[in-house]
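> Provided herewith is a single structure, encoded as structure tokens, for subsequent inquiry.
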Amino acid sequence: MPEISADSELRDVAEQMSAQARTFLSTTSQVASGGFPGAELSLLILATSDLLAAGARLAAITDVVPVERFEPDAGRETDMDPLRTALAQMFDGFDDYVEVTDPVLSADVAPATLSGDLACVADEIAKGLQHFDDGHELEGLWWWQFSYLSSWGERASSGLRVLQGVLAHLRLDVADDVAAEAEYDALHA
């Protein structure tokens, strides 16, 4: 019998999170492998936004506490270096950025990478998915909630901001002569 079958609300949250984790991992891996040329940024924005919405649900519920007070071994660690490397190559020219490290407590800035953010998120949610798939649904849910609050929520938020900023620049930054011609055409239409 599944570990959290008695609590249907937690089971529903765990199943929804599991689906979002799978979608994020699949989309990110396919994008990194070159599977969606021309749609990379849009698909990563969608996948990251959906995952953050699932994370917000985790933050909205009471703290999940596993029955056992230790984390069972989830098995072999997933190697995210190939994903990070593929994303870094794809994001060449805009992978590096600067962020405020803790906007609540200080104005200090630090370097970050979009590829590192997405790989970190993938690593954290994959670990929760390992627990979930091994029949430790409550442990998986606990891990997703804990790591959302401690790492992947922040990394996904930062990454989403960069993805959206890059997409905005690609779509809105145009040469002055092109903008003037479009403005002239719009005024005389």
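> Would you check if there is a residue in segment 111-126 being in contact with an Asp or Glu (Cβ under 8 Å, 6 or more places away or on another chain), more than 23 Å from THR27 (Cβ to Cβ) and without any contact (Cβ under 8 Å) to a residue 24 or more places away in the chain?
Yes, the conditions are met somewhere in segment 111-126.
> If VAL67 satisfies every condition in (1) closer than 16 Å to GLN145 by Cα; (2) open to solvent by 70 Å² or more (accessible area, probe 1.4 Å); (3) outside any loop (DSSP other than H, G, I, E, B) but one, which is the exception?
It is condition (3) that VAL67 fails.
Conditions tested, residue by residue: (1) outside any helix (DSSP H, G or I); (2) open to solvent by less than 30 Å² (accessible area, probe 1.4 Å); (3) over 30 Å from SER8 (Cα atoms); (4) at pLDDT 95 or above.
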{"site": "PRO82", "(1), (2), (3), (4)": "no, no, yes, yes"}
{"site": "LEU87", "(1), (2), (3), (4)": "no, yes, yes, yes"}
{"site": "PRO103", "(1), (2), (3), (4)": "yes, no, yes, no"}
{"site": "LEU138", "(1), (2), (3), (4)": "no, yes, no, no"}
{"site": "TRP152", "(1), (2), (3), (4)": "no, yes, no, yes"}
{"site": "SER157", "(1), (2), (3), (4)": "no, no, no, yes"}
{"site": "LEU167", "(1), (2), (3), (4)": "no, no, yes, no"}
{"site": "ASP185", "(1), (2), (3), (4)": "no, no, yes, no"}
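> Among (1) touching a residue at least 60 places away in the same chain (Cβ under 8 Å); (2) of a type in the set (Ser, Thr, Tyr); (3) more than 23 Å from THR27 (Cα to Cα), there is one condition THR101 misses while meeting the rest; what is its number?
THR101 satisfies all of (1) touching a residue at least 60 places away in the same chain (Cβ under 8 Å); (2) of a type in the set (Ser, Thr, Tyr); (3) more than 23 Å from THR27 (Cα to Cα) except (1).
> Among the listed residues ASP173, ASP102, ASP177, ASP117, which satisfies the condition of being of a type in the set (D, E, K, R) and in contact with a helix residue (DSSP H, G or I) (Cβ under 6 Å, 6 or more places away or on another chain)?
Sole residue among the options that is of a type in the set (D, E, K, R) and in contact with a helix residue (DSSP H, G or I) (Cβ under 6 Å, 6 or more places away or on another chain): ASP117.
> Being of a type outside the set (A, V, I, L, M, F, W, C), under 14 Å from ALA59 (Cα atoms) and over 9 Å from the mean Cα position of the chain (by Cα) is the filter here; which residues of segment 137-153 pass it?
If the condition is that a residue be of a type outside the set (A, V, I, L, M, F, W, C), under 14 Å from ALA59 (Cα atoms) and over 9 Å from the mean Cα position of the chain (by Cα), then GLN145, SER147, TYR148, SER150, SER151 are the ones that fit.
> Here's another thing I want to ask about it. If you scan segment 89-101, which residues turn out to be in a loop (DSSP other than H, G, I, E, B), open to solvent by 40 Å² or more (accessible area, probe 1.4 Å) and in contact with a strand residue (DSSP E or B) (Cβ under 9 Å, 6 or more places away or on another chain)?
THR101
Residue-wise test of (1) loosely packed, with under 13 Cβ neighbours inside 10 Å; (2) modelled with pLDDT of 90 or more; (3) out of contact with any Pro (no Cβ under 9 Å at 6 or more places or on another chain).
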site: THR28; (1), (2), (3): no, yes, yes
site: ASP50; (1), (2), (3): no, yes, yes
site: ALA56; (1), (2), (3): yes, yes, yes
site: THR62; (1), (2), (3): yes, no, yes
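> Which residues, counting only those in segment 105-131, are more than 24 Å from ALA19 (Cβ to Cβ) and either in a helix (DSSP H, G or I) or of a type in the set (Phe, Trp, Tyr) (or both)?
Residues satisfying the conditions are LEU114, SER115, GLY116.
> Follow-up question, since we're still on this one. Being among the small types (Gly, Ala, Ser) and open to solvent by less than 50 Å² (accessible area, probe 1.4 Å) is the filter; apply it to segment 30-48 and report the residue that is nearest to TRP142 (Cα to Cα).
Ranking the qualifying residues of segment 30-48, first place goes to ALA47.
The values are calculated or read from the model by the stated rules, or taken from the named source; none is laboratory data. All values derive from a computational prediction rather than experimental measurement. Methodologically, a virtual Cβ is constructed for each residue, glycine included, from the backbone with ideal geometry; neighbour enumeration extends over all protein chains shown. Calculation scope for accessible area: heavy atoms of the full protein, side chains included, ligands and nucleic acids excluded. Shrake-Rupley method; radii C 1.70, N 1.55, O 1.52, S 1.80 Å.
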